[in-house]
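The values are calculated or read from the model by the stated rules, or taken from the named source; none is laboratory data. Because the structure is a prediction, the values reported are computed rather than measured. Counting neighbours? That spans all protein chains shown, and the Cβs are built from the backbone with ideal geometry, glycine included.
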Ligand code: SF4
């Protein structure tokens, strides 16, 4: 599903997929409190909040990739606000961030720190 709002009520752990790969895997609370992958962060920021009036919803720029022509390096790099040259050149490995959560991002710790602010 693309609806993380629905998932929160029915799952203990979430695997977020992009371009056919699991890019983040975490328990529900940790993932909603502070996502560690820019795609997850973008998805969560695009969910309307009932407790905020007149909010402008964020969107993830661009379109999902054509699976026959997946971008080089990190498949999310054409859409990612954290993109650096290494993202274009090198496929990120899955980083273990503790408490069993993983993120397939070169800058997972930075994204996590940003999300926790
Ligand atoms: S590896 Fe780079 S492009 Fe991919 S999600 Fe992380 S920061 Fe963004």
| task | Quickly run through segment 106-116 and pick out the residues that are more than 10 Å from the ligand (Cβ to nearest atom) and surrounded by 21 or more Cβ atoms within 10 Å (Cβ to Cβ). | result | 112
| Check on residue 43, more than 9 Å from the ligand (Cβ to nearest atom), under 15 Å from residue 2 (Cβ atoms) and at pLDDT below 95 | yes
| When residues of segment 91-105 are filtered for being out of contact with any strand residue (DSSP E or B) (no Cβ under 8 Å at 6 or more places or on another chain) and more than 8 Å from the ligand (Cβ to nearest atom), how many remain? | 3
| remark: Those residues of segment 11-37 that are surrounded by fewer than 16 Cβ atoms within 10 Å (Cβ to Cβ) and part of a helix (DSSP H, G or I) come to a total of 2
| query | With 99, 27 as the choices, which residue is touching a helix residue (DSSP H, G or I) at 6+ places or on another chain (Cβ under 7 Å) and in contact (Cβ under 8 Å) with a residue 60 or more places away in the chain? | reply | 99
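Suppose the filter is closer than 15 Å to residue 17 by Cα and crowded, with 17+ Cβ neighbours inside 10 Å; does residue 87 pass it?
On the way: closer than 15 Å to residue 17 by Cα: no; crowded, with 17+ Cβ neighbours inside 10 Å: yes.
No: the conditions fail for residue 87.
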| message | Looking at segment 47-83 only, could you name the residues that are within 16 Å of the ligand (Cβ to nearest atom) and either crowded, with 18+ Cβ neighbours inside 10 Å or within 23 Å of residue 101 (Cβ to Cβ) (or both)? | response | 58, 60, 73, 74, 75, 76, 77, 79, 80, 81, 82, 83
| query | For segment 1-24, how many residues meet the condition of being in contact (Cβ under 8 Å) with a residue 40 or more places away in the chain and closer than 24 Å to residue 78 by Cα? | reply | 9
